[in-house]
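Contents: one structure, followed by commentary.
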Amino acid sequence: MKTILDFLKVKRENKKITMISTYDYWSALICEEVGIDCILVGDSLGMVVQGQDSTLPVSLDEIIYHAKAVRRGAPNTFIVVDMPFLTYQVNKEEALKNAGRIMQETGANAVKLEGGEEILETVEKLVKSGIPVMGHLGLTPQSVHALGGYKVQGKTKEKQEKLKRDAKLLQDAGVFSIVLEAIPKSLAEDITNSLEIPTIGIGAGNKTDGQVLVFHDLLGFFDKSPKFVKRYLEGKKLFKDAISQFIKEVEEETFPDEKHTYL
Ligand code: KIV
C-alpha cells in the first residue's frame with residue numbers, strides 16, 4: 001500500500017500518479033488488480049451513482065457506506081474519501097469529528113476537502129490530528145452555485161494569482177497533494193512547478209504530477225461528458241448489447257441452454 005510519502009517521492013522522481021474515482025466493491029477490485037496508485041471515493045457519487053444534479057446532496061453516512069465497500073474491494077490501495085458538503089465548512093471541530101468518522105469507519109488513508117484560504121485552519125486541525133488531507137482547487141463542484149455552473153476556472157489574471165496563492169497556502173497548511181480541476185494547462189503547470197507536493201489534474205492538461213478520472217466516465221457509461229474526459233471503452237453500448245442479448249435469448253428459450261442447466 002502506498003503512503004503519503006510515496007506521493008512526494010513520485011513528484012521528486014518526476015513520475016506520474018494515477019487516481020480513479022470509484023464507489024463500490026467491484027470497481028475498486030478492478031482498479032486494485034490493474035495497480036492504480038490511488039482510489040478516490042469522490043462525492044461525484046451524488047451524480048454518478050445517485051443520479052443527483054450536483055454533489056451537494058451527498059451525506060456523510062452515504063460516503064462512508066460507499067467507502068467501506070471500496071475498501072473491501074481494494075484492501076491494499078491508498079484510498080482518499082471526499083468530505084461531503086457542510087461536513088467541514090461549519091467549524092474545524094465538527095470537521096475533525098467527521099473526518100475522524102471517515103478514517104475510523106472506512107479504513108481510508110486520507111480525506112479530500114475543496115477550497116483554499118477559507119479552509120486553512122480546518123486543514124491544519126486535521127493534519128495536526130494525524131489525518132492526511134488532499135486539497136482540491138479550480139472547479140470545486142460543492143461551490144457550483146457560487147461559481148455559476150460547471151465552468152473552466154482561472155481565466156483572469158486575478159483568479160490565476162488567487163489559485164496560485166491558495167495552492168501555496170494549502171501546501172503550507174500541510175496537504176500532501178492537490179487536485180486541480182478544470183483550469184488552463186499553463187496555469188496548472190505553473191502551480192505544479194511552484195509546489196513541492198504533487199498536483200493531480202482533471203481537465204488541467206498533462207503537466208500536472210498525476211491524473212484523475214471518474215471510473216464511469218473513462219469507461220464510457222454516460223452519453224455526455226466534459227471535454228477533458230477520454231472514453232477508453234464504450235461501456236454503455238457494450239452493457240446494453242449484452243442485456244439486449246439476454247432478453248432475446250430468454251424470449252427465444254435459447255437461454256438457459258444445457259450448459260447452464262442442472263440436468
Ligand atoms: O468527486 C470526485 O470524483 C472528484 C474528482 C473528480 C476529482 O472530486
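The values are calculated or read from the model by the stated rules, or taken from the named source; none is laboratory data. Computed from a predicted structure; not experimentally measured. Please note: Cβ atoms are built from the backbone with ideal geometry, for glycine as well, and neighbour counts cover all protein chains shown. When the accessible area is computed, the model is the full protein with side chains, heavy atoms only, and any ligands, DNA or RNA have been set aside. Shrake-Rupley method; radii C 1.70, N 1.55, O 1.52, S 1.80 Å.
Find the residue count for segment 16-32, including only residues that are without any contact (Cβ under 8 Å) to a residue 60 or more places away in the chain and more than 14 Å from the ligand (Cβ to nearest atom).
Of the residues in segment 16-32, 5 are without any contact (Cβ under 8 Å) to a residue 60 or more places away in the chain and more than 14 Å from the ligand (Cβ to nearest atom).
Checking K240 against (1) open to solvent by 50 Å² or more (accessible area, probe 1.4 Å); (2) in the same structural domain as I131 (by TED's automatic domain parsing), only one condition comes out false. Which one?
Going through the list (1) open to solvent by 50 Å² or more (accessible area, probe 1.4 Å); (2) in the same structural domain as I131 (by TED's automatic domain parsing), K240 breaks only (2).
Which of the residues spanning segment 33-62 are surrounded by fewer than 23 Cβ atoms within 10 Å (Cβ to Cβ) and of a type in the set (A, V, I, L, M, F, W, C)?
Of everything in segment 33-62, those that are surrounded by fewer than 23 Cβ atoms within 10 Å (Cβ to Cβ) and of a type in the set (A, V, I, L, M, F, W, C) turn out to be V34, I36, M47, V48, V49, L56, L60.
Among the residues of segment 223-236, count how many are open to solvent by less than 70 Å² (accessible area, probe 1.4 Å) and under 17 Å from the mean Cα position of the chain (by Cα).
So the answer is 3.
I'm checking my understanding of the structure. Among residues of segment 136-162 that are open to solvent by 20 Å² or more (accessible area, probe 1.4 Å) and of a type in the set (A, V, I, L, M, F, W, C), which one is farthest from A99 (Cα to Cα)?
This residue is V152.
For the list (1) without any contact (Cβ under 8 Å) to a residue 24 or more places away in the chain; (2) away from the ligand (no atom under 16 Å from the Cβ), I need the number of the one condition that L147 fails.
Among (1) without any contact (Cβ under 8 Å) to a residue 24 or more places away in the chain; (2) away from the ligand (no atom under 16 Å from the Cβ), L147 violates only (2).
What residue, of I200, I191, I178, I183, is in a helix (DSSP H, G or I), within 16 Å of the ligand (Cβ to nearest atom) and either crowded, with 23+ Cβ neighbours inside 10 Å or of a type in the set (F, W, Y) (or both)?
I191
Here are some residues: V133, V90. Which one is among the aliphatic types (A, V, I, L, M) and either open to solvent by less than 40 Å² (accessible area, probe 1.4 Å) or within 19 Å of the chain's Cα centre (by Cα) (or both)?
V133
Quick check: is even one residue across segment 220-237 in a helix (DSSP H, G or I), out of contact with any Leu (no Cβ under 9 Å at 6 or more places or on another chain) and charged (D, E, K, R)?
Checking segment 220-237: at least one residue is in a helix (DSSP H, G or I), out of contact with any Leu (no Cβ under 9 Å at 6 or more places or on another chain) and charged (D, E, K, R).
What's the number of the condition Y65 fails, among (1) hydroxyl-bearing (S, T, Y); (2) under 25 Å from I178 (Cβ atoms); (3) open to solvent by 20 Å² or more (accessible area, probe 1.4 Å)?
Result: Y65 fails condition (2) only.
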